[in-house]
Amino acid sequence: VWNGTVLAQSDETILVEGNHYFPRAALNEAYFTNSSTTSTCPWKGKANYLDVEVDGARNPDAAWTYHNPSEAAAQIAGCVAFWKGVEVVA
């Protein structure tokens, strides 16, 4: 939830390092756009970020995904996790 809006909903998240990774199909794609930001995790690989926008309010790089994670993190391939004020209600 961010800015009073449910961004994603699933009972099948994967918990890694305290972050809930949501299946991409669980996202309401209308609120997401690709960002040019990337980062690298030593054991998961390259992360690509997504901007979130709700009712004209923008939260840059508030979500991330691993398109091609390392073998050790294969279970989160294509899944999306959140930060920067996005509340995950478990």
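Taking the range 31-88 on its own, how many of its residues are of a type in the set (Val, Ile, Thr), open to solvent by 20 Å² or more (accessible area, probe 1.4 Å) and over 14 Å from the mean Cα position of the chain (by Cα)?
Total satisfying the criteria: 1.
Filtering the range 1-15 down to residues that are surrounded by 15 or more Cβ atoms within 10 Å (Cβ to Cβ) and not hydroxyl-bearing (Ser, Thr, Tyr), which residue is farthest from the chain's Cα centre (by Cα)?
My answer is Asn3.
I'd like to know if the range 1-13 contains one or more residues that are within 17 Å of Asp55 (Cβ to Cβ), small (Gly, Ala, Ser), part of a loop (DSSP other than H, G, I, E, B) and free of Cβ contacts under 8 Å to residues at least 60 places away in the same chain.
Scanning the range 1-13, I find at least one residue that is within 17 Å of Asp55 (Cβ to Cβ), small (Gly, Ala, Ser), part of a loop (DSSP other than H, G, I, E, B) and free of Cβ contacts under 8 Å to residues at least 60 places away in the same chain, so the answer is yes.
Considering only residues that are open to solvent by less than 90 Å² (accessible area, probe 1.4 Å) and either closer than 15 Å to Trp83 by Cα or in a strand (DSSP E or B) (or both), which ones fall in the range 16-30?
Within the range 16-30, Val16, Gly18, Asn19, His20, Tyr21, Phe22, Leu27 meet the criteria.
The values are calculated or read from the model by the stated rules, or taken from the named source; none is laboratory data. Since this is a predicted model, take the numbers as computed values, not measurements. Cβ coordinates were reconstructed from backbone atoms using ideal geometry, including for glycine residues, and neighbour counts include every protein chain displayed. Ligands, DNA and RNA are excluded from the accessible area calculation, which covers all protein heavy atoms including side chains. Shrake-Rupley method; radii C 1.70, N 1.55, O 1.52, S 1.80 Å.
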